[in-house]
Amino acid sequence: MSSTDKSSITQRGRLGWKATLLVCALIFLTGAGALVLVFLTEPEVSRMEAARQTAMLVDVIEVQKGDYRPVIRAMGTVVAEHDVSLQPRVGGQILSRSDDFTPGGFVEKGQVIVRIDPADYRNSLTQRKSDLDRAVSDLQLEMGRQNVAEQDYRAMGRELSGQHRDLVLRRPQLKAAKAEVDDAKAAVSQAELKLERTRVKAPFDARVLSRQADVGSQVSAGDVLGRLVGTKTFWVAATVSQSALPWICFPENSNEKGAMVRIRNRSAWSEGMSRTGRLYRLVGALAEDTRFARVLVAVDDPLGRKADDPKTPPLLLQSYVAAEIQGRPISGVIRVKRDHVRKNNTVWVMKDGKLDIRDVKIVFSDAQHAYIRKGLSDGEKVVTSSLATVAGGAPLRLKDADENGHSADGG
């Protein structure tokens, strides 16, 4: 191959390489131009939508300042207000008993429950009455003797000193006779009491929990015949935190009514069933195991015997129940659910579409709500959702903003 041919081939190679480079450059410029055109012609709404998609979706509630009553929850045991062991005051054999005197039976105040053999006590009463009759007769005789002595003293025509005059007029004997009559009357009264006490009566409207004696039993004074509990009122002996005491209203005397209390027995009663009671007393000692304050809640007609609703659940002794005590009103506070109070007593607020982390001052917290005095204002929107990223100023948007706006239902 000649030198001319080699030069021609070299020249054609250079021209091919340049052409390839030029084509690549044209392709790159064309793509870059198209990309710039796309960005320049992108709709404004699409860019705004992309920015909006970066804000976190949240739910909020609009809080309101007002006066609220906290509900203090407590647990307690049902006990009887009146719980007595029935004991006779005289001894003897039991002749009869009431059919109601059986475990679970109900007896009314003054009802004769047990009757003890009264024969000995009737005889004793007859004897005491006879002693009284003799004492009265002796007094009458002595009064007659005194009249005679007084006539003799006047006939004597002499004036005696005080002590000698009393002896002459038989005044000590008259005084002794009167004392005998008084003793005899007291003995009769005591015998009548003993006879009356052979009929053992119910001290109040009660339910019989147990019976230890029956017809034919020989009993002595003070022996336990059975156990009775009053049916008018039961107590719920409950414990509450000492921090809750300032917000609980206790009655100052027996004529006042304490705060209303709702009683629930979740283990035995159906959902929604409850009883209503009243706060009765603050016991002046703490529970030894928990160091909580002890309170008594009074529940009238605990067995529901006088209730209009036949489905009223009865309170059974020793039941473990929940008590919801209505507290004193807390004025000028904002109430939020406890779940909406975050770490270190902070609350998340949505303000101008951004997250605002607020430090708040909580006056009191019950089982469900926190009552805030400072840190929140009326009408502000509290974030109720959980957030993956918690940083002040983070953009937020409402989940239901496009459909229904947002609800403004406080705590």
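The values are calculated or read from the model by the stated rules, or taken from the named source; none is laboratory data. Bear in mind that the values here come from a model prediction, so they are computed numbers and not experimental data. No Cβ is skipped: glycine too gets one built from the backbone with ideal geometry, and neighbour counts run over all protein chains shown.
The residues of the range 74-109 that are of a type in the set (Lys, Arg) and either surrounded by fewer than 17 Cβ atoms within 10 Å (Cβ to Cβ) or in contact with a helix residue (DSSP H, G or I) (Cβ under 6 Å, 6 or more places away or on another chain) (or both), listed by number, are ARG89, LYS109.
Residues to consider are GLU252, GLU256, GLU271; find the one that is of a type outside the set (Phe, Trp, Tyr) and closer than 23 Å to ASP366 by Cα. Show your work before the answer.
Numbers: GLU252 fails: closer than 23 Å to ASP366 by Cα; GLU256 fails: closer than 23 Å to ASP366 by Cα.
Exactly one of GLU252, GLU256, GLU271 is of a type outside the set (Phe, Trp, Tyr) and closer than 23 Å to ASP366 by Cα, namely GLU271.
The lone criterion from (1) over 27 Å from PHE234 (Cα atoms); (2) not assigned by TED's automatic domain parsing to the domain that holds VAL63; (3) not charged (D, E, K, R) left unmet by SER365 is number (2). Each residue in the range 196-208 was checked for being farther than 19 Å from ASP300 by Cα and not in a loop (DSSP other than H, G, I, E, B), and 4 of them qualify.
This table checks each residue for (1) of a type in the set (Asp, Glu); (2) more than 30 Å from ASP289 (Cβ to Cβ); (3) touching a Ser or Thr at 6+ places or on another chain (Cβ under 7 Å); (4) modelled with pLDDT under 95.
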residue: LEU21; (1), (2), (3), (4): no, yes, no, yes
residue: ALA25; (1), (2), (3), (4): no, yes, no, yes
residue: GLY31; (1), (2), (3), (4): no, yes, no, yes
residue: VAL36; (1), (2), (3), (4): no, yes, no, yes
residue: VAL45; (1), (2), (3), (4): no, yes, no, yes
residue: ALA55; (1), (2), (3), (4): no, yes, no, yes
residue: ASP83; (1), (2), (3), (4): yes, no, no, no
residue: LEU95; (1), (2), (3), (4): no, yes, no, no
residue: PHE101; (1), (2), (3), (4): no, yes, no, no
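The residues in the range 315-351 that are surrounded by 19 or more Cβ atoms within 10 Å (Cβ to Cβ), assigned to a loop (DSSP other than H, G, I, E, B) and more than 14 Å from the chain's Cα centre (by Cα) can be counted, and the count is 1.
Residues that are of a type in the set (Val, Ile, Thr), more than 30 Å from LEU303 (Cα to Cα) and not in a helix (DSSP H, G or I) within the range 90-134 comprise VAL90, ILE94, ILE116, listed in sequence order.
Among the residues of the range 261-293, write down those that are assigned to a loop (DSSP other than H, G, I, E, B) and farther than 14 Å from SER241 by Cα. Answer for the range 261-293, where residues must be assigned to a loop (DSSP other than H, G, I, E, B) and farther than 14 Å from SER241 by Cα: ASN265, ARG266, SER267, ALA268, TRP269, SER270, GLU271, GLY272, MET273, SER274.
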